[in-house]
Amino acid sequence: MTPGTISAQITDYANRADPYPLYAELRKTPVLREDDGTYLVSTYYEVRSLANDPRLSNDTGNRAPGYARVGHPAEETGLPPSFIFTDPPVHDRLRDTINRPFGPPHSPRFLDGLRGDLAQVVSELLDAFEGKDQVDIVEDFSYPLPVTAICKVLGVPREDEPLFHGWADALASGLDPQAAADGNGQQKSQQARQDMGAYLADLIETKRRHPGPGMLSALAPDMTPADLEATAVLLLVAGHETTVNAITNTTLTLLRHPDILERFQKDPDLAVPLIEEVLRYEPPVQFVPWTTALADIDVAGTTIPKGSPVWLMLAAANRDPKRFKDPDRFDPDRKDNEHLGFYTGIHYCFGAPLARIELHVAVPELFRRVKFSRLIEDPPPYRANAVLRGPRHLPVAIEGLTA
């Protein structure tokens, strides 16, 4: 495999169902320079080191002239960058503010208090399987649950989901390097951010006048309207897109490993290590393509020049044999599973605690109540997005439902 071809193959839809052989090839050169000057970092210790290195920026405005910018520049959308595309001190100020109504130490019971509501949603979604011999796990289960959850967390009306579904798809595609290189795709993504921002601006103004439950009301007094709109756009999209993938990938992985599934159904306590192993084995975010070197950085015998784009290949690092024994084997008994499924460092996934709660509420109940027969398509059809990788649909045959 030669430089200039690997990133194109990774983003090529033909490899979406199984990119892991490509990642294995990529790891042979831990820091690979592409012909366009992009650096791909694919081994565990190097990815982890760079993700925690203050010389690596999440603001793609720091890229040298001529390089594509992933994300949504303020001058093109009318909104400031989302906090994941900022560096300290702006990043730290925004993230600290957002965390106050979301989790410890200011709101230690907020997320745990959602468990009952989420369990009710899961129960209702599974009740709807009654009398069916085939379901689509994505459409019928793993999509509606996270959408309902993030709407409740933010205080967004659940009935508006059809309105922002299309915006969310377009915005998520803007994270994919292929879309960033495609002028039409990037324009659609930027327009979606404007449209969703306008929708949320109206909702936030209503929350300012008439506060109610949810983070938008809680944050309205503490953030500028523009910062809150940008944050709300990010959380509304990221708050469900990645969790849809996580639930679907867990379901698919278990159905592909019937011996582990049978053990899990007999031992629900296996849920914690099993879900962590899925996050290593099939992470919902495959790589981070929006980082930039702020200075010359020496890593694994290579110097990444200042201003260069850097892709941190999380899914490749999660299967690095220098860190994980027999990494291509799905093993819920794996010890010391410090995976990068939710990234690491100051940009560690903000929504990881919520995602874990959703997974732990949804997955055990799904496999307790549903008697699965077989996968109807394997591999299933995947999303176009190479970054947020997961099945677009997961049709399965079922034989019944327990109470």
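In whole Hz, what ³J(HN,Hα) sequence does the range 387-403 give by Karplus (6.51, -1.76, 1.60; θ = phi - 60°), x for Gly and Pro?
Working through the residues one at a time gives 7, 9, 7, x, x, 6, 9, 9, x, 9, 8, 10, 10, x, 9, 9, 6 Hz.
Past the 22 Å Cα-Cα mark, which pairs from K266/K371; K28/K325; K28/K306; K28/K322; K152/K207?
Where the Cα-Cα span goes over 22 Å, the pairs concerned are K28/K306.
Suppose the chain between D12 and R209 were pulled fully straight at 0.36 nm per residue; how much longer would it get relative to their current alpha carbon spacing?
66.2 nm
For the range 169-278, divide the Cα radius of gyration by the Kirkwood radius and give the resulting Rg/Rh value with two decimals.
1.15
Under a 1.4 Å probe, what is the accessible area of the chain per residue, stated in Å²?
41
With n ≥ 4 as the cut-off for DSSP H runs, can you work out [θ] at 222 nm for the chain, using -39500 (n - 2.57) per run divided by the number of residues, rounded to the nearest 500?
Computed mean residue ellipticity for the chain: -14000 deg cm²/dmol.
Using the membrane-span-like helix rule (whole DSSP H runs, Cα extent along the own axis of at least 30 Å, mean Kyte-Doolittle hydropathy at least -1.0), which helices of the chain qualify?
Those that pass (Cα extent of 30 Å or more, hydropathy at least -1.0) are 225-256.
Ranked highest first by the average count of other Cβ atoms within 10 Å around their residues, in what order do 387-399, 271-283 fall?
Per-residue mean Cβ counts within 10 Å order the peptides as 271-283, 387-399.
Put one equal scatterer on each alpha carbon of the range 1-57, apply the Debye formula with no solvent term, and list log10 I(q)/I(0) at q = 0.19, 0.26, 0.27 1/Å to two decimals.
Summing over Cα pairs of the range 1-57 leads to -0.72, -1.10, -1.13.
Of the accessible area of the range 297-377, with the probe set at 1.4 angstrom, what percent is carbon plus sulfur?
The computed percentage sits at 49.
Given a Förster distance of 56 Å, report the FRET efficiency between K322 and D127 from their Cβ-Cβ distance, rounded to the nearest 0.05.
Working from the Cβ atoms, E equals 0.75.
For the range 231-275, what % of the accessible area comes from carbon and sulfur atoms, probe 1.4 Å?
Percent of accessible area from carbon and sulfur atoms in the range 231-275: 57.
Counting pairwise Cα distances across the chain, what percent come out greater than 34 angstrom?
For the chain, the share of Cα pairs beyond 34 Å comes to 28 percent.
The values are calculated or read from the model by the stated rules, or taken from the named source; none is laboratory data. None of the values given here were measured: they were computed from a predicted structure. Positions of Cβ are generated from backbone atoms using ideal geometry, with glycine treated the same way; all protein chains shown enter the neighbour counts. In case anyone asks, the SASA skips ligands and DNA or RNA and just uses the protein heavy atoms, side chains included. Shrake-Rupley method; radii C 1.70, N 1.55, O 1.52, S 1.80 Å.
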